[in-house]
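All remarks here apply to the structure that follows.
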Amino acid sequence: YGYILMLVHFLTYHRSTSKGLTETVEKRPGDRQQPPKPPLLPNLQWMDPQWPRQQRGTPYRELQSRPRNMIPHPSEESTFAVNTYFYRLVDQPTMMNLHQKFPGNELSVAILLASFFRYYAYEFDYKKHVVSLHSTTTHGLVERENKAEIDCWKVHFQGLAIEDPFETFYDVAHVVKGGNFHQLRN
């Protein structure tokens, strides 16, 4: 489950470049004012639900705040509620339009795999950030300090932290000990 979340985070937080590679979607100083290219995969928890129905060429849009679809937690009904919202495709034409709007499908699996490993081995600052599907083009990466403050996560832990997309208080990677994480990383 953790590896799948890492993959989805990578795909929703990267876009293809004109050179046939990938880069993060975060805005950098000096970026042109042109609309940014969309990520390789839409973030279904943050994507503007009106955007897939727009004409091709309409800039990718994310919501400023995530819609809510609260349900009681399956095992802690009286204590917790979880937000289970994500964009649901309603018809085939919308799905086809959405598929055409994402340019990442021309990248080879080899480029995507190499980019995935490069990102987690050299670019992702696991001491400062959390792997999260709430890392968006609008809000940036989720910081470990924020998770520590809101959900009592460890700040100075040397391992990877992966936020569950629905139970955001849960660190999926809590079972990976620091030493094991360093072995995986090498």
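The values are calculated or read from the model by the stated rules, or taken from the named source; none is laboratory data. A quick note: this is a predicted structure, and the numbers were derived from the prediction, not measured. Cβ atoms come from the backbone with ideal geometry, glycine included; neighbour counts cover every protein chain shown. Heads up: the accessible areas ignore ligands, DNA and RNA and are worked out on the full protein's heavy atoms, side chains in. Shrake-Rupley method; radii C 1.70, N 1.55, O 1.52, S 1.80 Å.
Protein heavy-atom accessible surface, 1.4 Å probe, per residue over the chain: 60 Å².
Extension gain for the segment E26 to E106, taken as residue separation times 0.36 nm less the Cα-Cα distance, is 26.7 nm to one decimal. Counting 0.36 nm for each residue step from F169 to T17 and taking away their Cα separation leaves a gain of 51.3 nm. Given R₀ = 35 Å, what would the calculated FRET efficiency be for Y122 paired with S65, taking r from the Cβ atoms and rounding to 0.05? According to the calculation, E is roughly 0.60.
For the chain, give the percent of accessible area contributed by carbon and sulfur heavy atoms, probe 1.4 Å, rounded to a whole number. Reported share for carbon and sulfur atoms: 57 percent. The residue among Q50, P39, A161 whose Cα reaches farthest toward the positive pole of the charge dipole of the chain, with charges on the beta-carbon of Lys, Arg, Asp and Glu, is P39.
Between Q92 and L7, the simple label model (points 7 Å from Cα in the Cβ direction) yields a spacing of 2.7 nm. Extending 7 Å from the Cα toward the beta-carbon at both A114 and R56 defines two label points whose distance is 2.8 nm.
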